[in-house]
Every structure is written in structure tokens, then in C-alpha cells.
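Trainee: Starting off with a structure, shown below.
FYI, it's all coordinate maths here, none of it is from the lab. These figures come from a predicted structure and were not determined experimentally. With ideal geometry, Cβ positions are generated from the backbone for all residues, glycine too; neighbour counts draw on all protein chains shown.
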Amino acid sequence: MALPSINPTTTEAWKKLQTNFETVKDLQMKDLFAQDQERANKFTITWDDFYVDFSKNRITEETFRYLLELADDVKLKAAIKSQFSGEIINQTEGRAVLHTALRAPKTADFKVNGVNVIPEVYAVKEKIEGFTNEVVNGDRKGYTGKAFTDVVNIGIGGSDLGPAMVVDSLQYYKNHLTTHFVSNVDGDHVNEVIKKLDPETTLFVIVSKTFTTQETLSNANTLKTWFLESASNEAIAKHFVAVSTNIEKVQSFGIDASNIFPMWDWVGGRFSLWSAVGLTISLAVGYDNFDSLLKGANKMDEHFKTEDFGSNIPVVLALISIWYNNFFNAESEAVIPYSQYLNQFATYLQQGIMESNGKSIDRNGNSIDYQTGTIIWGEPGTNSQHAFFQLIHQGTKLIPADFIGFVKSLHGNQDHQDKLTSNFLAQTEALLNGKTEASVVAEGTDEAIIPFKVFQGNKPTNTIFINKLSPESLGKLIAMYEHKIFVQGVIWNIFSYDQFGVELGKQLASKILQEFGGNPVGAHDSSTSNLLNYYNSRS
């Protein structure tokens, strides 16, 4: 088998961690800091422009040693080598997992079925570069001879979430083109976007590997129908491009063969923004910035592939997440970026993490009796401080959190940046230390109110401090979480790269769709039958 298949709960390291947990579970982190003046230095990784402090976690040096032993016991090093070697680690679908090849240098050698795919990758990148430059520079024009002003990305899942998140995150670097994203099959969504468009100056990018995805094709056809109210069928070739493998269906839609950008089956949808799926990113911020994004990701790839586990950022973050998920029974993790630009970052990670590791069958085909995928949620600080931080601070749930911050702002307003960063730092300190009853009393608080103002503290956080939000640093950050996903999947002994769990609902939706508009209704449970009849009677 391409990946080792080891039940983590049977390893010696897991047993040591279970014993260690009984020792550590009630320790106060502030006491650990008081006992060891070097704690922060021992549990911090400085790499490139990243400063990762994981000292505010409920771990001791012994805990950390056993977590690293767990990585060894499940043969993580061999698994990493298998992934980067192009082995078929997505065994349930018979595919390699090589999104890392999309951001590798031209001299790299990534083999799929014995063939180096890098020349093919770079041929597509050159096509993206050429197309991007023509559109951005105004050399490629619409059917009336006007330069493009708007780009509409039509896709769903990885074909939408990745590009939409990156374009939003890199808004500071955007050019004159206005980008729109249509994903939901909800007709109100696409019609709201249409309101903002001029058919003469809009470019449409349809992203669908098979060119059969219901939501994407429905939206594409709606936009095509709207477009043809002003233009002829011949104009479609000038205004519509596709990222797909289904050449025949794309051409029958009316898209010119030269405007088809290929995809590969060794790139999963939720890891595809680095491929031609990122065409809208390239159009929005320019190819050079898109290329910097890829180069940043490649730097993190090299760090992940070569760094010792004890100072390997994705490995360390994955191990800490395992510690809370499997020993403290923490079901969720919050991701709190202190940048409004990263407004969609947690949403993006939800697909990457929960679609990948939301599995209950191990790599041997057996049911799992331990917890796997974590629930991911979050919003930018400081907004989130005025929303759900109450639950993290004083609620009954243990919610580990990643705090992501940047030393420098992009627009250079130091006053704002200082206030933002003061909150960024203060929140992790508050979560660590809490507020004692003595402190509340010393403030002169009314006796009846004292219990309500006490904070337990001892809430775990990771602090990821980055010099500045740039295309390159964003590439590193996204790749960091991708590799964290991989490490957790290896440790949990699951296949992270299939997503059969999303198929059943889609199949049933196709069946129910045929039962609308007076057509016979088939057999369903009584609840679904009632709901279907209610819709049919009123639609």
C-alpha cells in the first residue's frame, strides 16, 4: 500500500499520551510559564517570515516528545515521501495527490505513472500567463471591441472557494478588473450578479472538471442565455472560457478550443486553486502575483518535506490538534485571522479540513472507534471578539484557536495597526491567564456579580505571526494548512483525498428534481414526501 496503515491507538506513543494526559489535563498553563522562563522559546518556531508560538497550549515537554513519537510510530516520514513521490495515496479513487507539483520549480521532477508532469504544468502556466496579460492589458477584447472590465467565475466547492478566498485576501493587489463569483444554484444569487454586468465587457470563466456539475452548469447556462440577449452565438467564443477535462462538452457549449484550460485527476478540487482553477486569481491580481502565491506555497512544501518534525510548522500544528481532538475531546477549532482581508479564510478551510478528514472508515476498511476530523469555524478579529469570543472565554466548551496576525499593515496606518495588534496579543494572553476572583474583588465588584466576572483562563491558542500579507505569505499560509490536513489524515489512518460523503445528497437531488411539476412522486420517507408535496402544491 502507498500509505502505511496503522491504527494510532495501538501505538506505544498513543499509550504514553493517554498516561500523560492524566497528568496534564488539569495543569494550568500560567503555572507552566511561571515554572519555566524559557517556555515560550522552547515552543516557538521561527521560519522565513513566519513566527509560530505554540507555547500557550496545554502541553509539557514530555507531551510534545510523545506527540513527536506518535508521528514516528505512524510512519509519517514515509507517508510524506509517498505523497511527494507521486504514489497513489488516494487509493479509493486510484489517484496520486500532487497539488504540490503545481507550485514546484521548473527543474523539479514529479512523476505520475512514471512520467514527469512538470513540463505539462508549466505549459498550462504559460497559457494562463499569456491569457491573463492579454485580458489585463486590454489586448483581448469582447465582441464589440471593448476591453474587459469584469470577470465572472462560475464554479462550486474547490472551483469557487479557493479562488474566491484568494481574490478577497489579495484585494490590495487587485488590478482594474472587477471579479464576481457565482456558485450557489440559488437563482437569486446569479441574478443579483447579472445586475452588475455589461455583456460587452464581461469575461466568464466556467470551472468544472467534468463540465456536468449541476450547480455550475445551471449558472453557466443562465449567464449564457442572458448574454445571448445582447450578442450572437459566435460571440460566446470571445467571452467564455473553461477550466475542464471534458473538451467535447465544453466545445458544444460554444467555447473555443483555444480557450480551454486543462485540469488533472491528481489534483483534488479543494486543493486546485494552484492550477488553472486559479485563472480568475491570475486575472484579478495579475500573473506575477499569482506566481508569487505559488512560490510561497512551494517554500512551505520544502519546509514540510525537509524540516525535522519538532520544528516543522504543519506537523507541530497537526499534532497539537490531535492532542485536543483525541485526548481532550475538543470537537472544534477556531481560526481567527486579524486581517479583514482574510474574511473568507475560515470558510475556505472548512472545505479543506472537513471534506478531507470527515471520515469514519480507516485505511483498512474498518469502522473507526476514535475521533477524526475537527469542526472548523472562525471570523476575523476584532469583529469576532464582539461576537463569539464570549463562548471561548467563559463557555463550557474547550475550543483551541489559531490566531493569525501580520506585523505590518498594507495601507500603512500605524495607529490602526497598533490597535489591531494590541487586541491580537491581548486576547491570547487573556485566554491563557483568565481573571481570578481576587482580581475581580480588587476592582470593587459587587459581591453578587463576582462569579460572573471570573474567567477560568487556561484556554489554548497558537499564534501565527507573519511579517505582511502578500501573495507569497498567503501561499505559505494556505499550504501550511494543507499539510496539516495531510498529517492528521495519516495519523488518523484515513484517506483524506476522497469525498464520497458529498455524493449521496446530489444523487437524491437528481431523483427529486424529476418529481417536480406534476410528475409522479416516488417512494420516500413520510417527512420527505410531505415536504415534496408541500413544495409542489405551492411552486
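Trainee: Just to be sure I understand: of the beta bridges DSSP finds with both ends in segment 99-289, what percent are antiparallel, rounded to 5?
Mentor: Of all bridge pairs located within segment 99-289, approximately 15 percent are antiparallel.
Trainee: Which angle between 0 and 90 degrees, to the nearest 10, do you get for helix 118-137 versus the longest principal axis of the chain when only C-alpha atoms count?
Mentor: Here the helix axis deviates by roughly 70 degrees.
Trainee: Would you mind checking which residues have amide H under 5 Å from N153's amide H? H placed 1.01 Å from N; only 5 or more apart, or other chain.
Mentor: When sequence neighbours closer than 5 places are left aside, the close amide H contacts are H180, F181, V182, V205.
Trainee: S510 to K408: extension gain in nm, 0.36 nm per residue of separation minus the Cα-Cα distance?
Mentor: 31.8 nm
Trainee: For the chain, what relative contact order do you get, as a whole percent, if you take Cα pairs closer than 8 Å and at least 6 residues apart?
Mentor: About 18 percent, as a whole number.
Trainee: Which FRET efficiency, nearest 0.05, do N233 and K468 yield, Cβ-Cβ r, R0 45 Å?
Mentor: That gives a FRET efficiency of 0.45.
Trainee: Compute the normalised compactness of the chain: alpha-carbon radius of gyration over 2.2 N^0.38 Å, N being the residue count.
Mentor: It is 1.05.
Trainee: Kindly provide the helix-only [θ] at 222 nm of the chain, computed as the sum of -39,500 (n - 2.57) over DSSP H runs of four or more divided by all residues, to the nearest 500 deg cm²/dmol?
Mentor: When only DSSP H runs of four or more count, the value is -13500 deg cm²/dmol.
Trainee: Taking the Cβ-Cβ separation of E503 and K75 as r and a Förster radius of 30 Å, what is the calculated FRET efficiency to the nearest 0.05?
Mentor: Between E503 and K75 the formula returns 0.50.
Trainee: Can you figure out the FRET efficiency of H386 with D198, using R₀ = 45 Å and their beta-carbon distance, to the nearest 0.05?
Mentor: So, using R0 = 45 Å, E works out to roughly 0.70.
Trainee: Moving to a separate point now. Need one number: % antiparallel among DSSP beta bridges in the chain, to the nearest 5.
Mentor: For the chain, the DSSP antiparallel bridge percentage is about 30.
Trainee: Still on this structure, I have one more. Report, to the nearest 10°, how far helix 61-73 tilts away from the longest principal axis of the Cα atoms in the chain, using its own Cα long axis and a range of 0 to 90°.
Mentor: Once rounded, one gets 40 degrees.
Trainee: Residues of segment 121-163 with backbone nitrogen within less than 13 Å of a virtual label 7 Å along the Cα-to-Cβ line of N175, please, listed as ranges.
Mentor: Residues 128-141, 147-151 qualify, since their backbone N sits under 13 Å from the label point.
Trainee: List the GluC sites (Glu not before Pro) within segment 1-100 that DSSP assigns to loop and that have no more than 10 neighbouring Cβ atoms inside 10 Å.
Mentor: Within segment 1-100, the qualifying GluC sites (Glu not before Pro) (loop, at most 10 other Cβ atoms within 10 Å) are E38.
Trainee: Separate question: Which entries in the list K196/K408; K146/K224; K81/K295 go over 29 Å, if you measure between the two C-alpha atoms of each?
Mentor: Table pairs above 29 Å Cα-Cα are K196/K408.
Trainee: Does anyone have the angle between helix 313-326 and the longest principal axis of the chain? Alpha-carbon axes, 0 to 90°, nearest 10?
Mentor: That helix lies at roughly 70 degrees to the long axis.
Trainee: Same structure again: Spin-label point model (7 Å from Cα, Cβ direction): what's the A40 to D109 distance in nm?
Mentor: Output for this residue pair reads 4.6 nm.
Trainee: For S275, S321, which order do you get if you count the other beta carbons within 10 Å of each Cβ and list the fewest first?
Mentor: Lowest count first: S321, S275.
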